[in-house]
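First comes the structure, then the notes that go with it.
Read-outs: derived from the displayed coordinates by stated rules, not from any lab. Worth saying up front: this structure is predicted, and the values here are computed from it rather than measured. Note that each Cβ is placed from the backbone with ideal geometry, even for glycine, and that neighbours are counted across all protein chains shown.
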Amino acid sequence: MVLTAEENRRLTEVGPGTPMGALLRRYWHPVAAVGEFDHSPTKAVRLMGEDLVLYRMPDGDFGLIEPHCPHRRANLVNGYPEVGGIRCSYHGWKFDLEGRCVNQPFEETVSDATRFRDSICSPAYRAEAKFGLVWAYLGPDPAPLIPTWEPFTYENCFRQIVLHVVDCNWLQCQENSIDPVHFEWLHDNWYAGRGGETERYRPPHAELGFDEWEYGFQYRRRHQGEDETYDSWLDGRLCIMPNLFAPLHFEWRVPMDDTHTLSVVWVAERAAANREPYVQDTIPHWWGRAIDDDGKPITTHVLGQDVMSWTGQGVIADRTKEHLGRSDRGVQLFRNRLIADLEAVERGEDPSGLVRDEAANLVIEFPNSLRRLFVEPPTPEQLEQRKRRLKQLMPGSRPEDFFFLLEGQPDWVRHEWEYATGQRDDRPTTSEGV
Ligand code: FES
Ligand SMILES: [Fe+2]
């Protein structure tokens, strides 16, 4: 199924008033780490072509509002979050969570009869903190629930959040979430291929499996010489509608606009037995790097390799020039479901995968058995084995780059991870996020 230019636009454009913009606005999206607000109570965010200000009020709740104050257009990113809303720091007008002006200090001092404020309202949206992330919802009421995906409920885990901006459209990032063969070539064979050592190529994939699931798809893969007991065949990886990949961790591809995507990574790893109960008051967050100072892709890390491929497809991949084969069956299934969801929204119905049932949302189980890795703490031997596997996958990495997805993990986060997993006994003294 080669797309026409019109079909490609329909799937990729996310701004207000576009079909895909309307579909994506029906879901909650993570737009920040809660820990970011320890340093500043406001943050400018760009989501689906809209510039917004996200703010944390003194009671810990969040609001999301259009940046420019309706008075004389000062930017509310410089405002004062108060209980119930945010106050503009220029002349003190206050706006509630719905964007209604609820206080105009000078106007109300000189004449409380004008009720001038009642005519003034700014666009505002819902925001909510959960699982260490701040989520935004830009769609119509009633809003669905923020899904309680199973890994969010695992206990005794070291968790971290890694953010970075990818300079391309969201869809090519998400299509990677259902693209099993890329593991072989982009990740497993990267160093052999670039080094001209074709004899070191991994045996090719022999079989792929795609299972549709209520919330998206699960795919499985195995190489020549591997049977049905191979772990990537036994335990599928999940492509969750509309923009989430969930292998052992989460990767959201959040559309900032048509040409930029906020990559939000949420990782949990089981703490050592002697650290139980291991609890984090704030989940550490940091900004990862996929491009070096010379503008070249950083390919020592797995997600850096992915980002290199996504941006290499063009700012918005031209799907009129593709030649899809059998390896792309998952991509086709995903596109077909997106198109069905677009049509559902146009009919006034819910798209697939929304969660509205409180009881069902206590925990949404994944259709694989990877939860077993979080039940028991890893043994030192298992940790060493994992390090060896990662070193094979990332031979170009340095010892300090043990975090396999992106470069840039701060020392104190690595230190805390080593403490949590029992590799060292002293705990870091700083917990400064970036
Ligand atoms: S510009 Fe915001 S109160 Fe005046
Ligand atoms: Fe990848």
Exercise. Say the cut-off is 29 Å between C-alpha atoms; which of Lys43/Lys94; Lys94/Lys130; Lys321/Lys387; Lys296/Lys391 go over it?
Worked result: Lys321/Lys387
Exercise. To the nearest 20 debye, what is the magnitude of the charge dipole of the chain about its Cα centre, counting +1 on the Cβ of each Lys and Arg and -1 on the Cβ of each Asp and Glu?
Worked result: 440 debye
Seminar exercise, completed: The extension gain from Arg386 to Leu373, computed as 0.36 nm times the residue separation minus the Cα-Cα distance, is 3.4 nm
Exercise. Amide H neighbours of Tyr90 under 5 Å, counting only residues 5+ apart in sequence or on other chains, H built in-plane at 1.01 Å?
Worked result: none
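At 4 °C and 1.567 mPa s, what whole-number value in µm²/s does Stokes-Einstein give for the translational diffusion of the chain, with Rh from the Kirkwood sum over Cα pairs? Mind dumping the intermediate values first?
On the way: Rh = 23.4 Å.
Answer, rounded: 55 µm²/s.
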Problem set entry | Contour excess over end-to-end distance, with Cα ends at Arg100 and Thr229 and 0.36 nm allotted per residue | 40.6 nm
Exercise. How far apart, in nm, are the 7 Å Cα→Cβ label points at Asp350 and Trp287?
Worked result: 3.7 nm
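By the scheme Lys and Arg +1, Asp and Glu -1, what is the net charge of all other residues having a beta-carbon under 14 Å from that of His260? Walk me through the numbers before you get to the answer.
Values: positive: Arg46, Arg253; negative: Glu13, Glu50, Asp51, Asp167, Asp257, Asp258.
With Lys, Arg at +1 and Asp, Glu at -1, the net is -4.
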For this session: Would you mind ranking Ile65, Ile86 by Cβ crowding within 10 Å, fewest neighbours first?
Result: Ile65, Ile86
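Would you list Met20, Met241, Met308 from fewest to most Cβ contacts within 10 Å?
Details: Met20 24, Met241 21, Met308 17.
Listed from fewest to most nearby Cβ atoms, that is Met308, Met241, Met20.
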For this session: Measure out, as a whole number of angstrom, how far apart the alpha-carbon centroids of the stretch 283-357 and the stretch 102-164 sit.
Result: 26 Å
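Return the inverse of the average 1/r over all pairs of distinct C-alpha atoms in the stretch 28-137, which is the Kirkwood hydrodynamic radius, in Å to one decimal. Provide the component values of the computation, followed by the final result.
Working: mean 1/r = 0.0713 Å⁻¹.
After inverting the pairwise mean of 1/r, the radius is 14.0 Å.
Could you put Trp287, Trp28 in order, starting from the residue whose Cβ has the fewest other Cβ atoms within 10 Å? Don't jump to the answer; show the numbers that get you there.
On the way: Trp287 15, Trp28 22.
With the sparsest Cβ surroundings first, the list reads Trp287, Trp28.
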Problem set entry | Helix 302-312 axis, angle to the chain major axis (alpha carbon atoms, nearest 10°) | 70 degrees
For this session: Considering Cα pairs under 8 angstrom that are at least six residues apart, work out the relative contact order of the stretch 28-137 and quote it in whole percent.
Result: 28 percent
Seminar exercise, completed: The distance between the Cα centres of the stretch 174-248 and the stretch 1-49, in whole Å, is 26 Å
Problem set entry | Qualifying GluC sites (Glu not before Pro) for the stretch 221-279 [loop in DSSP, other Cβ within 10 Å: at most 13] | Glu228
For this session: Tell me which residues come under 5 Å, amide H to amide H, from Trp213 once H is placed; ignore anything under 5 positions away on its chain.
Result: Gln218
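Counting helices only, and only those DSSP H runs with n ≥ 4, report the 222 nm mean residue ellipticity of the chain as the sum of -39,500 (n - 2.57) divided by its residues, in deg cm²/dmol to the nearest 500.
-6000 deg cm²/dmol
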Problem set entry | Relative contact order of the chain, pairs being alpha-carbon contacts under 8 Å that are 6 or more residues apart, as % | 19 percent
Exercise. Counting only DSSP beta bridges with both residues in the chain, what percent are antiparallel, rounded to the nearest 5?
Worked result: 95 percent
Seminar exercise, completed: Mean-square fluctuation maximum in Gaussian network of the chain, Cα pairs under 10 Å, restricted to Leu244, Leu324, Leu23, hits Leu324
